[in-house]
Each structure stands twice: as C-alpha cells, then as structure tokens.
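The values are calculated or read from the model by the stated rules, or taken from the named source; none is laboratory data. Note that the structure is a prediction, hence the values are computed from the model and not measured. Neighbour counts run over all protein chains shown; Cβ positions are idealised from the backbone, glycine included. With ligands, DNA and RNA removed, areas are computed over all heavy atoms of the protein, side chains included. Shrake-Rupley method; radii C 1.70, N 1.55, O 1.52, S 1.80 Å.
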Amino acid sequence: MRAEDAARAALDRAIGGGVTDAVVTVSRVRETMVRFSDNQVTVVNELDLEQGSVFVTIGARKAAVDIPDLRARSIRAAVDAALSLARSASEGDARVPLPSGPFDYDPLLLDQGKVDGLDAVDLAHVAISSALEEGASRVAGSMTVRDADTILLTSGGVDARVRKPFLEMSVRAFAATDASGHGLSVSGSPAVLDPAGAGARAGRLASLSMEPIHVDAGEYDVVLDTMAFADVASQLGRMASAFMVDAGMSFLGDKLGQQVASDMVTIMDDPTLVGTPGSTPCDMEGLPSRRNVIVDDGVLHTLLHNSTTAARHGTESTANAGLVAPHPFNLVIGNGDQDMDSLLSQVDRGIYITNDWYLRYQNYATGDFSAIPRDAMFLVEDGAITCPVKEMRMSDNILGMLQRVEGLTREREWVRWWEVDTPTLTPAALVRGLHMSRSTM
Amino acid sequence: MEDMLQFILDRGRELGAGYVEARHHRVEASEVMLKSGTPEASASSQSTGIGMRVLVDGAMAFGASNRNDRRSLEAVLARMVRSARGASERRTDPIEFADANLGIASYEIRPRVKFTDVEVADRQALLMEADRSAVEAIEGTGVKLPGRYMSLETEVTHKTVWTSDGARVRSTVPRASMFAVLTAAGPSGSTQRMISLGEARGWECVERWDLPSTLAKEASTLAAILEQGKPFHGGYMDVVLGPEVVGLIAHESSGHPGEADRVLGREAAQAGETYLGKNDGGRRVGSDLVNVVEDPTLPYSFGFYLFDDEGVAARPRNLIRDGVIEEFLHNRETARTFGVASNGSARSMAFDREPIVRMSNTFVEPGDHGLDEMLEDVKDGVYVRNFMEWNIDDRRFNQR
C-alpha cells in the first residue's frame, strides 16, 4: 500500500474499533551508512524500510503496537492487536484527550528536502584523507545518509507528512594507540555537511595528543569542548522529561523554578530550526512543535510534557510527545561571548577535555555521575595548553557542575553520536572545580 | 519465505557477489511498564524483514528491507552490490571469509507456558503486585520509595539464515526479561537499585522469579542501606565481589575486549577499542584462578543460540584460561584475518542490523570457595554485591 493509504486505513480501523483516541505513524526510510576503519571502508549498509506504529487509548487504557510493513493484512493485524491490548490492559493515568487539530505547520519544517546525489563512500574517503593529512595514521568512523518520509494521522484531526534528511559524519583518528581525536559533522541538510572538517579536527587532535602523561586526581578547572559539554548539558534535556521525573529517575524532580545551573546556562529544545538534525514540525500527538526554554539563565523553567503528563502536572503540553514518553527533539545550548583561547586563558592549572563517553549515574535522583574523557585531553597551565594527558575520570554532580560554568564560547557546533542521542547545538564551556579522579592506578 | 531467500542468493551471485547471505528475521515482542505504580501504555511489536550481505570484489555490503517482494529486495541488492564495488576500488586488502562449520539445522526452545497464553492484564497485575510488595516491605521504616520504574518484556525470535556456501539454519527462541529501577529516600538521603533478569524460556521463568518477593527484598535492602549505612573511608583494601559485579567485569573487561572486530579497530569510532592486540593470545591478564568462558550453548540462558547469524555452529569459548588469554570471539571475516576458524560469534538483533561480533553468555567459572570462606579472609574490606554507576575507558582497561 502507499504510505498515505496505509496510515489512513490504520486510523480508520482504529476509530471503527471504538478507540477513544488513536495516533498512527507510517514512515519510509532509505538509509546508507558507510562504516570505515583502518583508513578504508569496512562495510556499506543499505536500508529500505517501510513501517509504522499505532497508539490507541480506550478510556484510560493505552496500547502501542508497531506496524511491521505496509501490507493491508499487516495493518489490520497491528490495529487489531492494539485494540485487543488496550481492552485488556489495566487503567493508567486518567484519560486526557489528544490535541484537537487540524493544525497549521511550518511548510519549511514539513518538507525539508531530500539527500540527492551524495556518495557516502566518497564522503567517507574525504574524511579519512583529511584526518591523514593532519598527521593521523589510522582513521575509523561512519557516514550516515538518511531520507525519512513520515506520515502522522490522529483521531484529533491531525494530518501531517514530514520529509526530512539526516546526515552524520563521525570520524575518529589515531596518531598512536593513546593519541586520538574525534570529529563530527551532523546536519539536517546536505548543504552544511563538512566531512573534511570533521576528519581534519579528528586528525589534528590525534596529532596534538601524542605521548600523554598522567596527572594527579583532584579538582580542576576544565574546559569542555563541544562534544564533552553536549554530553553533560544534554542530560538536562533528557531529565526534563516528565516521564523521567514521574519514574523517580530525574534529578530535576522538585527543581522547577530553582537555579539548577549557572546563570550563563540557557538550554532550549528547539525543533523549529529548519534544516537542523532534530527539527520537526510537530510532536507525536500532532501538536505544532515549539521552542521550549528548559533552563533560562540557570533557572529550571519547564519540564517537557505530552498531553498526559501535562495533565498530571497541572500544566499544558510542551509539544514533546513521543509514542509513550515526552522527550527533547533538538537541544540548543545558549552561547557565550568568548572564544576557545579566552576560555583557556582563564585557567591557571586545569584540563581541556575534547570528548567523553560512558556518562553514568550513581543516582539519577541526585545527579551524581561519572564519565570518562575519551580522545585528546590536555593539561592547561597559566592559560595555555602545555601537554596531553590521559586516563582521567570526571566524577561529580550534574547540577553542581553546571552551577560552576563560568564561560561559554560564542561558536557552537551540532553534536550527535554514539554517546549523545539527542542532537545538541552547543558551545564549549569553562567549568570550575570539577572533580577528576584517575582512571588507572 | 525460503523461495525468497533462495532468490536472494541466486540474484546476488548473478549481480557479481562472491558470497551472499540472507536472513529472514522476525521478532514478536510485548512489553508492559509500570511507572511508580501506574501502568504505562502496553506495547507490542512484530519486526519482520530480510537482512542480506554480499561480498563483492573483496568489499562487504549489508542491506535490509521489510518490503518482502522480489522487486524491492532486488533493488536493495543492486544498491548493495554497487556500493560494495565502489568501496572495493579503494580497499588495500580484500575481505575474505574463513572456512567454517556451517549448519544445516533447525532448533527451537519450546516454552512450557507460551507468552501468548498470558494476558496483558495479568502481566500488569504481576508488576503492580511487585510494586505494592516493594512499597509495603519498608512501611514502618523512615524510608519511602518515591520512584519505581518496572518493565517486563517477552519476545520470540525466529531466524532463518541461508548462505551461498551452504548454511541452512532455522531457529526459534523465546526470551523473557524484566528491568526495574527503585529509588529509595529517607532522612539520610537517597539511593537507587537497578535490577534486571532474563532467560530464554517461556513465561514459566517469570513465575519462578517471584517478582513480588524479589522486589520486596530489594526494597528492604535499600531501606537498610539508608538507615544503617555508615560513611565509608575509602582507600586500598580487599574486596569480595558478588556475582552481579563479577559478571559485569567478565562482560566488559574480558568479553568486549575479546571481540575480534574490536581488536582490528572496526569499532574504534563507536563502541571503542580494546587493550588486547591481535597477537595477545597467551598474554597473562589474571591470576591462575581466573577462567572466563563465553558459552552461547547453555540451554535456557538469555544469550542462547546454537548457530550464529552466518550459520556457523556455536561452541563454548575459553576467553581466559588459568589467567591467560586463550581465544577471541570471531566471525568468518575476523577468523580469516587471524588465521583461525570462526567460533560462531556473528550476531544481529534485528533484520535491519548487520551481524557483528558480539557476546552471548559471558561468565567467570566458579572456584572452590564458599562466600563465607572468602569473607573470613578479609580483615578490613568491602563486600560489593551490585552496582549502579559503571563505566570504562576506551580500551576497556579500567572500569568503575
């Protein structure tokens, strides 16, 4: 079936089956992902997928079922399964009606174009060459090129069709076993993709981080470059989901209206930015997307809601509905007025961290966490980088750390990769007194 | 469906592939969730499609589609062959496969209680009972459970793997798993516990887990920690690690580092690197007491399989024997590079994911001590039973 016919058939069947509300999505995804390592392509992935989902409520009973393909019988089976599940499920939160459409969406967000004529294998080789030219000896990574065409229909009268490309170059370069750098170019538009820049950054950082030394554990002033700061700052977006708060898995649970970060820190979820990696015209309930200021000058301004969590919290939806839980789409961290040299110049003795991974919580409810710097990391003395360092662990509290942000760069970059799920536009940051432990004896 | 797999093998060869693999992969899954006592939406999914791989002029391409008509699959195949051919022009060393013990087999784990026989309301009722049980277990203490998240998932995975060099393997494996996060809070602060269980069986294993009792015990332990826990001085000391922690160490510090694709740098930009090198067989990494085994063939274990997704027969693998690295986990590509036979470690979680080298069930073999005997020997130390925060460096050398 054609996608639009499949979506309509699913919605009609759900409504005919007596649902209180229904949401149907059908998408077609065409993706090429080139993976490379050791300076050559290791595998090319070619995907051609058509699938969907149906979400129904019958009173306060809810069910979500995936539509595995667009054959008429698969659609019928998925809708019938959703009806059956909902009828036999226990009641959840009190029923809240879906937003009543139709709505007007930004036409530029509805149709953000397609990726045409890009050769992902060539792009991978561009990144590899750039990294090697900067002095790397070994380069690995992935280049993803995706076109998604998604239809959203709801029993509330929503009818939206979204065409959106996504591109992600993630490249890691090595100049030695313990000297590496990572570069990214993430975009919702082919026009701004920069695989050469990503490769060059990775290669340059790898070359600069040769022969790293150990330094003692302790409290350091740190400059977190964009990949590392995105990992930390995006935690506020993730933990602002009312679902996480209600499950006791957020350190923002009782913090509305409170200072949760330095007054330099402003964090928005802004899916309205056309051509950016996480842009969308609407959420999964069909509400037109909007810019939500989560943290405004350091103060927690709002949680992220769908209609159900909003009702539970006595507020309005922020248009962040996912199929089950609300979530951020496209995080934007407010920038500062400094450049990288200026941030570094304010550090007497500290560490410049270019990337990190494995951010994990000791306690989600308090924000106690640790994360491991990965790739190039440098000792900063008297305002200048002096030598590469290795094997440290950030061990602190997210809120405490963000309270100690004392500088942000003017320049920002989009970050999304293995460690950072939600696309995040972020500056680099200066954080005072970060607790760093040694990750080896 | 088998007609379609044969078509893919034939058409792939006609298009110029030296090797073709086709996997029909269906996962029927169902999940119920409870958020602080309130049911969330019940979910079910059926993911079905065909994953394919081709080797063309020494380069590899993977492709997948759930549009299971010949024209659509052929279009993806053509894209794959074209991409692989493009990549092959700039490869310095052609990808080749090691010979392997390929299967012609069919196997299945038959559940005693089928998942389809357990209504969603009964599943939710079980979680709600477990939730109540946890809350009630600490009534009368100064501790509450302000946050409780629980999920219970069942799935049945059907795979049929055919390769152009003769593998013909069909399997059906049911799995059940549960995950919970309890947040306990009292006057002294808060603490959390993550609990996860899983087996390759029918619903009977969920019944055996006795979730109400299990969650009640966990809640009581959290309350005791908050009410009786003492500040800890830290420092260097002897520790006794419980099975959850030892299992994690086996998985993260032996299993992942021993994945041969990681050893070759294939995961460098994603899942990271390893402290082990290609020639590290025979390297001492532990005491004589340390034996780490990777065994997908354990009946009813969560990682159970008898043939991998390249159709290669699985077997137990000794990652570390008497403290010494004995073997790595291989697919047919890495086995060829290492000059060994594949030990059947190519795994894929869905039809649209390429099979890569991954673990199944990784564990440290038991020794001859009882827990009390080990504790007796510790004068000033810690017994660590489980964990929340955990992370590891890029080369998987040190973890916390």
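A few remarks follow.
- Measuring nothing but how far apart in sequence close Cα pairs (under 8 Å, 6+ apart) lie, relative to its length, chain B scores a relative contact order of 17 percent.
- Global form of region A:54-103, assessed from the alpha-carbon gyration tensor, a/c cut-off 1.5: oblate
- In range of the label at B:L298: residues from region B:260-292 whose backbone nitrogen is under 19 Å from the point 7 Å along Cα→Cβ: B:289-292
- For peptides B:27-35, A:377-385, A:142-150, sequence by mean Cβ density within 10 Å, most packed first: B:27-35, A:142-150, A:377-385
- For region B:238-384, the Cβ-based charge dipole about the Cα centre amounts to some 760 debye (Lys, Arg positive; Asp, Glu negative; other atoms uncharged).
- Cα gyration tensor shape for region A:394-441, rounded if a/c is under 1.5, else prolate or oblate: oblate
- The Stokes-Einstein estimate for region A:184-278, based on a Kirkwood radius over Cα pairs and taken at 37 °C with 0.692 mPa s viscosity, is a diffusion coefficient of 192 µm²/s.
- Solvent-free Debye calculation, one equal scatterer per alpha-carbon of region A:3-208: log10 I(q)/I(0) at 0.10, 0.11, 0.14, 0.16 Å⁻¹ equals -0.59, -0.66, -0.82, -0.92.
- Once you reduce region A:324-351 and region A:196-237 to the center of their Cα atoms, the two points are 12 Å from each other.
- Solvent-accessible surface, computed for protein heavy atoms with a probe of 1.4 Å, shrinks by 30 Å² or more for the following residues of region A:147-195 when the other protein chains are added to the isolated chain: A:R172, A:T177.
- Calculated SAXS-style log₁₀ I(q)/I(0) at q = 0.17 Å⁻¹ - region B:2-228, Debye, Cα scatterers: -1.06
- Selection from B:N361, B:P316, B:A260, by position along the positive dipole direction of region B:238-384 (Cβ): B:A260
- Here the dipole of the protein assembly as shown is about 1740 debye; that uses its Cα centre as origin and unit charges on the Cβ of Lys and Arg (positive) and Asp and Glu (negative).
- With every protein chain in place, region A:36-186: carbon and sulfur % of accessible area (1.4 Å): 46 percent
- Helix B:2-14 vs. chain B, principal-axis angle (Cα, 0 to 90°, nearest 10): 50 degrees
- Note on chain B: Cα-Cα pairs beyond 29 Å make up 54% of the total pair count.
- Note on region B:238-384: Cα Rg divided by 2.2 N^0.38 Å, N the number of residues, gives 1.12.
- Cβ neighbours within 10 Å from other chains - mean over A:242-251: 5
- P(r) tail fraction, the protein assembly as shown - alpha-carbon pairs more than 37 Å apart, %: 45 percent
- Given charges at Cβ of Lys, Arg, Asp, Glu: the protein assembly as shown dipole, positive-most of A:A376, A:V405, B:G339: B:G339
- Annotation: average projected area of region A:218-438 is 11.1 square nanometres, based on the convex hull of Cα atoms across all directions.
- Of the residues A:M227, A:T309, A:P281, the one whose Cα sits farthest towards the positive end of the charge dipole of region A:218-438 is A:T309 (charges of +1 on Lys and Arg Cβ, -1 on Asp and Glu Cβ, taken about the Cα centre).
- Using alpha carbons only: equivalent-ellipsoid semi-axes of region B:294-344, gyration tensor based, whole Å: 19, 17, 6
- Calculated over region A:148-229: convex hull of Cα atoms, volume per residue (Å³): 172 Å³
- Label-to-label distance for A:D337 and A:E91 is 5.7 nm, based on points extended 7 Å past Cα in the beta-carbon direction.
- Point-charge dipole on Cβ atoms (K/R +1, D/E -1) for chain B, about Cα centre, debye to 20: 1200 debye
- Neighbouring partner chain Cβ atoms per residue of B:347-353, average, 10 Å criterion: 2
- Measuring nothing but how far apart in sequence close Cα pairs (under 8 Å, 6+ apart) lie, relative to its length, region A:3-208 scores a relative contact order of 22 percent.
- Put simply, the convex hull of the Cα atoms in chain A casts, on average, a shadow of 20.9 nm².
- Proximal lysines relative to B:K144, as straight alpha-carbon distance under 25 Å, when same-chain residues fewer than 8 apart are discounted: A:K255, B:K35, B:K217, B:K230
- Peptide A:407-416 shows a mean partner chain C-beta count of 0 within 10 Å per residue C-beta.
- Between region A:68-96 and region B:286-340, the Cα center-to-center distance that results, in Å: 41 Å
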